[in-house]
1. Using only DSSP helix segments of four residues or longer, with each worth -39500 (n - 2.57), what per-residue ellipticity at 222 nm results for the chain after dividing by its residue count and rounding to 500?
2. R0 = 56 Å: FRET efficiency of E103 with I278, Cβ-based, nearest 0.05?
3. Within a Cβ distance under 12 Å of P60, other residues only, what is the Lys/Arg minus Asp/Glu net charge?
4. Rounded, prolate or oblate, given the Cα gyration tensor of the range 29-115, with a/c below 1.5 counting as rounded?
5. Shape verdict for the range 189-304, please, from the Cα gyration tensor: rounded (a/c under 1.5), prolate (a/b greater than b/c) or oblate.
6. So if each residue of separation counts as 0.36 nm, and I subtract the Cα-Cα distance between E266 and A200, what length gain in nm does that give?
7. Between R39 and S246, how many nm apart are label points set 7 Å from Cα along the C-beta direction?
8. Arrange the peptides 253-266, 20-33, 284-297 so that the one whose residues have, on average, the most other Cβ atoms within 10 Å appears first.
Amino acid sequence: MVAIKAQQANAVLTRPDTSLTAFLIYGSDTGLVSERAVRLAQSLAARDTPPGEIVRIDDPELEDDSERLSVELLTLPMFGGRKIVRTTMGRRVNGALLRGILEGPTLAGVLIVEGGNLRADDTARQVFEKSPHAAAIPCFADDAQSLDLMINEVLGTHRLSITPDAREMLLARLGADRGLSRGEVEKLALYAAGRGTIEAEAVEAIVGDASELAMERVIDAAAAGDGTRAIEGCQRLLASGEGAQSIIAAVQWHFARLHRIRGAIEGGRSMDEAMRQIRPPLHFKRRAAVEAQCRRWTAPKLAAALARIRASALAARTASSLEDAHAERLLMELARLAAARDTSALRA
């Protein structure tokens with residue numbers, strides 16, 4: 001099967017070729033990857049009479065039985081349609097395992113694999129792109145057209161329409177991640193239930209900026225010591241059009257705020273007092289995450305973090321061609337610093 005272009009993905013998923021028995025859905029937008037995997041599995045199951053069975057098998061299920069994925073895919077069903085086996089790439093579900101499955105006997109079931117932002121030379125991606133019975137489907141950040149289709153789909157399900165100015169405002173707030181974007185549109189649809197038409201005021205009142213939410217997730221991951229999640233989120237932001245220097249600036253603003261809060265705590269204030277003195281005030285939904293970060297980071301560690309952030313900001317400005325790499329490296333350094341043992345850490 002030839003490699004599928006991103007703009008062809010919807011067509012392939014809507015009417016998947018009946019000769020295909022394995023699908024790799026990959027890309028920087030993990031929300032879109034998951035959404036398309038679910039939709040494809042449901043579509044393939046419904047195509048059989050009686051409907052096929054959807055089975056989920058991931059790394060934990062392979063710990064004691066490394067052959068289970070292959071066995072499920074090669075077993076002919078006694079009743080009903082074919083098995084649709086979903087999995088996600090991990091330590092055990094890797095390129096070598098998938099190569100063995102695709103190059104082995106003809107599959108009785110259908111395999112759907114969710115992958116991350118795979119490079120062109122990744123083993124799994126190459127195996128799916130070269131196999132005559134498989135397809136590799138890329139999922140990258142939504143453009144305006146695909147977001148429009150998603151909005152129409154969600155609002156149509158709820159029998160709602162939307163005015164042109166409200167749609168324009170909504171589109172401006174979506175796109176950083178398909179999962180976040182769909183969640184915001186679903187929330188809007190529930191808010192507007194029974195109104196018939198969504199006006200701009202409803203969008204203003206209900207829909208958050210998905211890019212801002214995605215940015216918070218990236219920063220929180222780095223501050224919590226989760227470098228992998230921070231890098232994955234950063235790559236999604238970059239793919240959606242967010243600038244690397246904007247990401248570094250947001251990180252700097254957040255860590256400067258943490259430094260002020262932690263400084264107040266180490267100066268004798270309670271956590272609650274330190275939080276209340278911050279301006280602009282912290283949104284109540286962010287409070288738990290920020291409190292946890294303040295307990296993890298001491299003032300000396302935050303000072304070291306701010307020094308690294310300033311160095312990264314300067315490097316990104318003076319070598320713009322490498323700014324994406326500087327942003328990713330900074331997030332990884334901050335995650336390592338967050339995870340480092342610090343016996344001087346104070347507990348508020």
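1. After summing the helix terms and dividing by residue count, I get -17500 deg cm²/dmol.
2. The calculated FRET efficiency here is 0.45.
3. -2
4. In terms of gyration-tensor shape, oblate.
5. Here the range 189-304 falls in the oblate category.
6. Going from the current span to full extension adds 19.2 nm.
7. Each label point is offset 7 Å from its Cα along the Cβ direction, giving 2.5 nm.
8. Answer by packing, highest mean first, reads 20-33, 253-266, 284-297.
Here, each number is a calculation from the coordinates, and none is a lab measurement. For clarity, every value in this text was computed on a predicted model and none was experimentally measured. Using ideal geometry, Cβ is built from the backbone for each residue, glycine included, and neighbour counts are taken over all protein chains shown.
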